[in-house]
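S.K.: After the C-alpha cells below, expect a handful of questions from me.
The values are calculated or read from the model by the stated rules, or taken from the named source; none is laboratory data. Predicted, not measured: the structure shown is a model, and the values here were computed from it. Cβ coordinates were reconstructed from backbone atoms using ideal geometry, including for glycine residues, and neighbour counts include every protein chain displayed.
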C-alpha cells in the first residue's frame with residue numbers, strides 16, 4: 001500500500017478535451033476566445049485531419065506546457081490548408097510527469113470544410 005501511495009506522488013497525469021463546432025483560424029491566431037460563438041454560413045464536412053505534437057521537459061531546463069501553449073495557434077493555422085475554418089474540432093491537451101521528466105502534448109482532430117461548387 002505504501003508503494004501505491006508513493007507511485008501517485010511520483011507520477012502525475014492530466015488530460016483536457018475541448019470540442020468546437022467551428023473554429024475561425026484567423027481569430028484564433030489573433031488571440032480571440034475560441035469559445036466565443038461565431039456565425040458562419042452552413043459548411044459541409046470534408047476530409048478529416050489529425051495533428052499531434054509533444055514537448056518534453058527534463059528537470060527544469062525548459063517549460064513543456066508553455067511551449068505547447070505557444071505552438072497551439074501555429075498548429076491550428078497549418079491545418080486545412082486553403083480554408084479559414086475548422087469544423088467539429090476536438091483539441092486534446094495531455095500532460096504527464098515522472099520524477100524529473102514531463103511531457104505536454106497537443107492533439108487536434110478536425111474536419112475541413114468541403115468546397116461547394118456554384119450551381
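S.K.: Failed condition for residue 38, given (1) within 10 Å of the chain's Cα centre (by Cα); (2) modelled with pLDDT under 90, with all others met?
M.R.: So residue 38 meets the others, but not (1).
S.K.: Please find, among 72, 25, 45, the residue that is modelled with pLDDT of 90 or more and surrounded by 12 or more Cβ atoms within 10 Å (Cβ to Cβ).
M.R.: Of the residues listed, the single one that is modelled with pLDDT of 90 or more and surrounded by 12 or more Cβ atoms within 10 Å (Cβ to Cβ) is 72.
S.K.: Filter segment 45-103 down to the residues that are free of Cβ contacts under 8 Å to residues at least 12 places away in the same chain and in a helix (DSSP H, G or I), then identify the one that is farthest from residue 25 (Cα to Cα).
M.R.: Step by step, filter segment 45-103, then rank; the result is 66.
S.K.: Here's a follow-up. Looking at (1) touching a helix residue (DSSP H, G or I) at 6+ places or on another chain (Cβ under 7 Å); (2) over 25 Å from residue 63 (Cβ atoms); (3) buried (at least 18 other Cβ atoms within 10 Å of the Cβ), which is the one condition that is false for residue 106?
M.R.: Going through the list (1) touching a helix residue (DSSP H, G or I) at 6+ places or on another chain (Cβ under 7 Å); (2) over 25 Å from residue 63 (Cβ atoms); (3) buried (at least 18 other Cβ atoms within 10 Å of the Cβ), residue 106 breaks only (2).
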